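The values are calculated or read from the model by the stated rules, or taken from the named source; none is laboratory data. Note that the coordinates shown come from a computational prediction; the quantities given were computed from them, not determined experimentally. Here Cβ is always computed from backbone atoms with ideal geometry, including for glycine, and neighbour counts include all displayed protein chains.
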Number of protein chains: 2
Amino acid sequence: MAAANEPEVIRDKAAMRAWSRRRRAEGKAVALVPTMGFLHDGHLSLISAAAAASAGPVAVVVSIYVNPSQFAPTEDLATYPSDLAGDLRKLSATGAVTAVFCPLDLYFRGSAGRPTGASAGAVSCLEDAGGSGHESWIRVERLEKGLCGSSRPVFFRGVATVVAKLFNIVEPDIAVFGKKDYQQWRIICRMVRDLDFAIEIIGSEIVREADGLAMSSRNVHLSHEEREKALSISRSLVNARTAALNGNNHSQQIKHQIVQTLTEAGGQVDYVEIVDQESLVRVEKIDRPVVICVAAWFGKVRLIDNIEIQTAS
Amino acid sequence: MAAANEPEVIRDKAAMRAWSRRRRAEGKAVALVPTMGFLHDGHLSLISAAAAASAGPVAVVVSIYVNPSQFAPTEDLATYPSDLAGDLRKLSATGAVTAVFCPLDLYFRGSAGRPTGASAGAVSCLEDAGGSGHESWIRVERLEKGLCGSSRPVFFRGVATVVAKLFNIVEPDIAVFGKKDYQQWRIICRMVRDLDFAIEIIGSEIVREADGLAMSSRNVHLSHEEREKALSISRSLVNARTAALNGNNHSQQIKHQIVQTLTEAGGQVDYVEIVDQESLVRVEKIDRPVVICVAAWFGKVRLIDNIEIQTAS
């Protein structure tokens, strides 16, 4: 790979912003792909989407940062997989990444030992920051509530906040998010609309392994057996879509079928929901564009997946 | 006044952002002065501060927008004074304003009649927007709680959110806020730090009438008699500072004296607090830089004022 294709690695906020402003001054669009690292082909597809997002020249920035504020203390921040050297090799090999933003820490940590303000009982892994630490949070109040928000009450607060920070540091024209995290994608779109960020958000399709499993950094934690069982997720979603397209528009029946498939395979269902694609409000009848969203545990790994249904008879 | 000094009036978000980017491309710093209109000399002092904020050329943008989301339904949104023609004349006369941003509405309003998500019981005058309306809110969770936050629970949520929107629309390098709204100024500084806005925030000193009353658009609602009584605010604050500088460091005593003065004058006290200038946490002893903050009603008008004390013996 030619050195010209080596992405520049940037660790400092101010350097990142200055870099980005130089690219824009050169007439390039800046496209951001926010990640938590441990990159797989799903991430690489986001980079392709970013590179193709503008008719003119694009500078693609990939950020790698495991965001503590979107994990609850009971969740897997400590074991979230990471491999920065491997990530940089993969990014380099794409030839499509202009810069990698790898900050050590994005949050102000207070000096005192008191917890930061955590209203409405929301507590994340950031919350041991001191009394003068980070305390500004963005909430997308309706969209954050259902689906993953029910079992992960601080998750989307942390996601929206860190994404806003990345937007203000990188100042991109375009940002790409995977539709695997469907609710996250919709929340970011809504935040961008409501807070007037001058950024075009692109939702990129789910990338699956050959056997159908949606790609996820957490898949590495699945045992061979758990992974086999987890295939029930994509299988049940495809079957559900087929049923809906064949005329079964009863959400309850379709959801029941998915829960049964997952449970029989040995999964523990967190939720199965059929919701409006825009509002994420539950639908009883599939009479508009919907998405079926699933979260389920296989062993100690919580997996999510979804499938869109554009039309139903 | 030469036509060259006439500010350009801009009503559209996209036009505002494009205008601002052109000024920056010309090498100018963009300085924003957010206001709710009905301008007085206090606002004009913010404009002077904005014009002087950079060594190089500065384009000063004044925004005029009465923000519904920072008013509770019980508050005075409907009677908030306005005089756009007068405001434009005053801004023109300064010769220092390059553009005036007067949007008709900054919020997305939903189509359905359901209220927008209002978690934690926060309801503002925006909350009758429909189910697909605005739902993204910024909260600065510790600083928003005391002082005005106690009696105005949606106020700082609305302020932080609309200011973030204005920041994303105008994309200023500098923004100026009056220290009369001391808590608001500190909240904006904290939001800018926590969310990584690339904006320098300037806090501008309180401007007072000849008799000491802090300038406020709401002063116009005071009767002659109420206005006389309201002078007790600035008088009691100056006396309190004198006492502190003369060695009385007991917050409780000093607060008691202020409450007594305001009450004797016929005011109804909302709060009198002596707090740390940065954290806005109450201090028992005046042994660091503090600010004494007051909110009190005179007739139907709620007035706020404050005085900083940098040192105490």
Quick test of your reading of the structure: B:Ile187 fulfils all but one of (1) part of a helix (DSSP H, G or I); (2) buried (at least 24 other Cβ atoms within 10 Å of the Cβ); (3) at the interface with chain A (Cβ under 7 Å from one of its Cβ atoms). Name the failing condition by number. (3)
Look through B:Ser54, B:Ser69, B:Ser63 and report the one residue that is in the same structural domain as B:Ile138 (by TED's automatic domain parsing) and in contact with a His (Cβ under 9 Å, 6 or more places away or on another chain). B:Ser69
For segment A:244-295, what are the residues that are within 25 Å of A:Cys189 (Cβ to Cβ) and among the small types (Gly, Ala, Ser)? A:Ala244, A:Ser251, A:Ser279, A:Ala295
For segment A:53-72, does any single residue satisfy the condition of being over 16 Å from the mean Cα position of the chain (by Cα) and either within 14 Å of chain B (Cβ to nearest Cβ) or within 21 Å of A:Glu209 (Cβ to Cβ) (or both)? no
Given the residues A:Val97, A:Val66, which is the only one that is in a loop (DSSP other than H, G, I, E, B), at pLDDT 95 or above and either closer than 22 Å to A:Asn219 by Cβ or polar (S, T, N, Q) (or both)? A:Val66
Sort out which residues of segment B:168-182 are closer than 19 Å to B:Val291 by Cβ and touching a helix residue (DSSP H, G or I) at 6+ places or on another chain (Cβ under 8 Å), and write them in order of number. B:Val176, B:Phe177, B:Gly178, B:Lys179, B:Lys180
Reported set for segment A:234-292 where residues are small (Gly, Ala, Ser) and under 28 Å from A:Arg142 (Cβ atoms) is A:Ser236, A:Ala240, A:Ala244, A:Ser251, A:Ser279
Of the residues B:Ser236, B:Ser232, B:Ser279, only one is touching a residue at least 12 places away in the same chain (Cβ under 8 Å), assigned to a loop (DSSP other than H, G, I, E, B) and crowded, with 16+ Cβ neighbours inside 10 Å; which? B:Ser279
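Suppose we filter segment B:17-28 for residues that are part of a loop (DSSP other than H, G, I, E, B) and surrounded by 21 or more Cβ atoms within 10 Å (Cβ to Cβ); how many remain?
Number satisfying all stated conditions: 0.
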Checking A:Tyr182 against (1) at positive phi; (2) within 16 Å of the chain's Cα centre (by Cα), which single condition isn't satisfied? (1)
Search result, residues across segment B:157-191 that are over 25 Å from B:Glu26 (Cα atoms) and without any contact (Cβ under 8 Å) to a residue 40 or more places away in the chain: B:Ala160, B:Gln184, B:Trp185, B:Ile188, B:Cys189
Take A:Arg302 and tell me if it is part of a strand (DSSP E or B), out of contact with any Cys (no Cβ under 6 Å at 6 or more places or on another chain) and basic (Lys, Arg). yes
B:Gly130 is checked against (1) modelled with pLDDT under 95; (2) in a loop (DSSP other than H, G, I, E, B); (3) within 10 Å of another protein chain (Cβ to nearest Cβ) and fails just one. What number does that condition carry? (3)
Any chance you could count how many residues in segment A:208-229 are at negative phi and not in a helix (DSSP H, G or I)? 10
Being buried (at least 24 other Cβ atoms within 10 Å of the Cβ), of a type outside the set (S, T, N, Q), at the interface with chain B (Cβ under 10 Å from one of its Cβ atoms) and farther than 23 Å from A:Asp276 by Cβ, is that true of even one residue in segment A:170-178? yes
Regarding B:Ala31, is this residue out of contact with any helix residue (DSSP H, G or I) (no Cβ under 9 Å at 6 or more places or on another chain), crowded, with 22+ Cβ neighbours inside 10 Å and not in a loop (DSSP other than H, G, I, E, B)? no
The condition of being in a loop (DSSP other than H, G, I, E, B) and either free of Cβ contacts under 8 Å to residues at least 12 places away in the same chain or buried (at least 21 other Cβ atoms within 10 Å of the Cβ) (or both) holds, among A:Ala85, A:Ala55, A:Ala14, A:Ala72, only for A:Ala55
Name the residues in segment B:157-169 that are buried (at least 24 other Cβ atoms within 10 Å of the Cβ) and away from every other protein chain (no Cβ under 12 Å), would you? B:Val159
Within segment A:148-172, track down each residue that is out of contact with any Lys or Arg (no Cβ under 9 Å at 6 or more places or on another chain), farther than 16 Å from A:Gln183 by Cα and outside any helix (DSSP H, G or I). A:Pro172
Please name all residue pairs, on different chains or six or more residues apart, with Cβ atoms under 6 Å, provided the first residue is in segment A:140-156 and is within 14 Å of chain B (Cβ to nearest Cβ) and the second residue is surrounded by fewer than 22 Cβ atoms within 10 Å (Cβ to Cβ). A:Glu141/B:Gly117; A:Glu141/B:Ser119; A:Arg142/B:Gly117; A:Pro153/A:Ala122; A:Val154/A:Ala72; A:Val154/A:Ala122; A:Phe156/A:Gly149
